[in-house]
Structure formats: C-alpha cells, structure tokens
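S.K.: First the structure, which I've put down as structure tokens, then a few questions once you've had a look.
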Amino acid sequence: MKVLQIGADRSKRGILVPGSAAYLRQKAYAVELGTLEIIGFSLRSDGFFMREDRCLRTLPTNSRSKLFFGLDAIRIARRLPRTEVISVQDPFETGLVAWWIARMWKVPLHVQIHTDFLSPEYAQHSITNRIRVFLAGFILRRASRIRVVSERIKASLVRTYTGLPEITVLPIFAEFKAAETPDPKLVTRFEPFEKVVLVVARLEPEKDVELAIKVFAAASPENSCLVIVGDGSQREYLEKLARTCAARDRIFFEGQQEASLYYPLADVVMVTSRYEGYGLVIVEPLARGIPVISTDVGVAREAGAIVGHRDELDFTLNNWFKNGPTEGKLIMYPYKDFNDYVAAYCADIMACAVTR
C-alpha cells in the first residue's frame, strides 16, 4: 500500500530529523505499509531536506512563511503519484490540507487525534485553538476513519458529533525501561530529601506548572523536594514564583533533560496539565512502578493515576504523603511491544482502503 501523510512536527526530534525516535517510528510504519511519503510543514530556516530511506520519503515544505505551509504542501502533493490513503496527524491546519488533497485525488482520509481539543480548557487557551475546534468538526465529518489515543477523546467525539466514521482507540507507544540505574550525581544532590516529587513538563501555560509549585508549597512536608524537568516560555516566571513561596529551598528547576534520568529518584510524579491528548508522562512512570498524581486529563483515569480535582490537588498530594501508595501500576495498556503497536497502527490506516 502507498500512503501519504501530512504532518507539522518541525521540532529537532520530529519526523523530518533522521535518527530521531519519531523518524524511526515512521520508518517502521513505511516497512509495514509498503510505501510512506510524508509532507512536513517546515520553514526554509529549519534546514530540512528531502530524504529517501527505503520505503520512506520525507518532503519538507521549506516555506518562506508559516502562511504558505498549506499551499506549499498542496504544491508538493500535485507532483507526487496518486496515493491510496492520506493520513493526517491532526484535524486542524494539516487536516484541512489533507482533506483538500484527498478530495483532489478521490482517496480515503485517515485522521488522527492526539489532543483533547474538545476540553473547555483547550478552547480557552487561545483564539487559534477556538478556530481549530471549529475546523475539526468540518474535517472529522469528511474522514473515512478516525484514530484517537484515548477512550476519553473518543467519548468526547461521540458526545459532540453525529455522523462520524469508525473511531479506533490506539494509544501512543511508550518505550519502557524496567530498571534504570540512578545517576550517582543526582542521587547525591537529592539525598537530603526523603521524598522526591517529580514534574516533567514543558513550562508553558497549558501544563500549569504554576499549580504544581503552589500545591507542593501548600501540602509538602519539610523532608520533601519538588524537581521540575523541562523548559519553556514560563521558566523565568515560575522560578520567581518558586522564590516567593515557603518551600523555595526545596524546589529545583533542572531545565530540558531526559526524564528517564530522574524517574529512578522519584517517589511520585505530579501532572497538573489543563488538558492532554494522551499523557506519556502519566504512562511512563506508572510503567516503572512510580505512582502518579494527576489532574483529570488524558489517560490519567484509564492508566491508573491518582486523579484529583484542580482545586483540591493540595489535599490529594498531602494525603499521598500520609498514606501512599508507594507503588504505581499501569493498567489498560494494549501493546506487547513496538512491533505490536506498529501492526495495529498500520492496520488502522489500511482499513480506510478496505472500507472505502
């Protein structure tokens, strides 16, 4: 089968970067599908190039401006041989482009949803998000098949829309490492504390690390510390906030680091996001036996996290310090291994052609 995918991941760990985890996943999909071509939104300044790797070909738009992403993607598609299925990573800007190309070629459209865009918090985040919510309704009703990453998202789609095609729940694949060796330097740094609360998040408004700091300051005993792994536009603001609270000497900002370095140190992971599509930061620690305290987002309930209301998360954390549990358990994870995930993912795309 020949599949064309439209994506918008321009990050240095994204699908346009050879050797990245995202790129290697696409390569595995390509082998399973037969042929996979990816048109990726990108700017000239990103420095990406067209690459061919066995059954996989990546085609960056190399646009002059973000305003030309869509037009450039359609221009590239017009030069390609007709494909059998078009798959898109979201039902927003890339979804509109994919729908246009699918309509032009008269082929099925496979739409993936990784974000809980029907959460009220998502629309409240920005005008752009409100436009995306409106656009998603148009795209999803014209899809041949929809893949979502959680039962939560599927339920929200069913409640909101009528006349949708079949919806498949396929969670994101998570790479689990059962026994990681703690970094001796990190062990020494945090040895004075009996309990380590870990937050792994981009320091952006939707992750609401501000809430994590306030909850920790209000609910933690003196023998505990809060370790924040991640970076983003709010870092300076959050560091100032931390310096003003009573727990300022027990809050540490580690910057952008590999979360796997810190999981062996963590007694509990705290997630304070306003919305999540899935939530790898929920799944990964639970798979390692680390309990997770989370707001009611993504797969928190499905996966086995301790879920607390935003306004009562300090009580939830305080209760954990007093009563545990000391171990977490991941539930409802469907894949035996990476190959099992790849097979399920590709079968869902292939089903578009079968049910056309």
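Rule-based calculations on the coordinates, nothing more; no lab input. Only a predicted model underlies this, so the values are computations on that prediction, with no experimental measurement involved. In this analysis, Cβ positions are derived from the backbone assuming ideal geometry, glycine residues included, and neighbour counts consider all displayed protein chains.
S.K.: Students often check this: by mean Cβ neighbours within 10 Å, which of 217-229, 291-303, 66-78, 123-135 ranks highest, and how do the rest follow?
M.R.: 291-303, 217-229, 66-78, 123-135
S.K.: Based on the alpha-carbon gyration tensor of the chain and its eigenvalue square roots a ≥ b ≥ c, which shape applies: rounded if a/c is under 1.5, prolate if not and a/b is larger than b/c, or oblate?
M.R.: Because a/c hits 1.5 or more and a/b exceeds b/c, the chain counts as prolate.
S.K.: Please determine, in degrees from 0 to 90 and to the nearest 10, the orientation of helix 151-160 with respect to the longest principal axis defined by the Cα atoms of the chain, where the helix direction is its Cα long axis.
M.R.: The answer is roughly 60 degrees.
S.K.: Using the 2.2 N^0.38 Å rule of thumb for compact globular proteins, work out how region 184-323 stacks up: its C-alpha Rg over that value, please.
M.R.: It is 0.94.
S.K.: While we're here: Can you give the FRET efficiency to the nearest 0.05 for SER11 and PHE315, using r as the Cβ-Cβ distance and R₀ = 41 Å?
M.R.: That pair, SER11 with PHE315, gives E of 0.65.
S.K.: Quick one: check the C-alpha center-to-center distance for region 220-261 versus region 280-356, whole angstrom.
M.R.: 24
S.K.: Name the GluC sites (Glu not before Pro) in region 117-170 that are in a loop by DSSP and that have at most 16 other C-beta atoms within 10 Å, would you?
M.R.: Within region 117-170, the qualifying GluC sites (Glu not before Pro) (loop, at most 16 other Cβ atoms within 10 Å) are GLU166.
S.K.: While we're looking at this one, here's another question. Once label points are set 7 Å from the Cα along Cα→Cβ at both ARG78 and GLU204, what is their separation, rounded to one decimal in nm?
M.R.: With each label point 7 Å from Cα toward Cβ, the separation is 3.2 nm.
S.K.: Which angle from 0 to 90°, rounded to the nearest 10, does the C-alpha axis of helix 209-219 make with the longest principal axis of the chain?
M.R.: So the inclination is approximately 20 degrees.
S.K.: Can you figure out the FRET efficiency of SER20 with ALA343, using R₀ = 22 Å and their beta-carbon distance, to the nearest 0.05?
M.R.: Efficiency, rounded to the nearest 0.05: 0.50.
S.K.: What is the count of Lys pairs in region 184-323 whose alpha carbons sit under 23 Å apart, if the two are 8 or more places apart or on different chains?
M.R.: 7
S.K.: To the nearest 0.05, how large is the calculated FRET efficiency for LYS106 and ASP231 if R₀ is 41 Å and r is the Cβ-Cβ distance?
M.R.: 0.35
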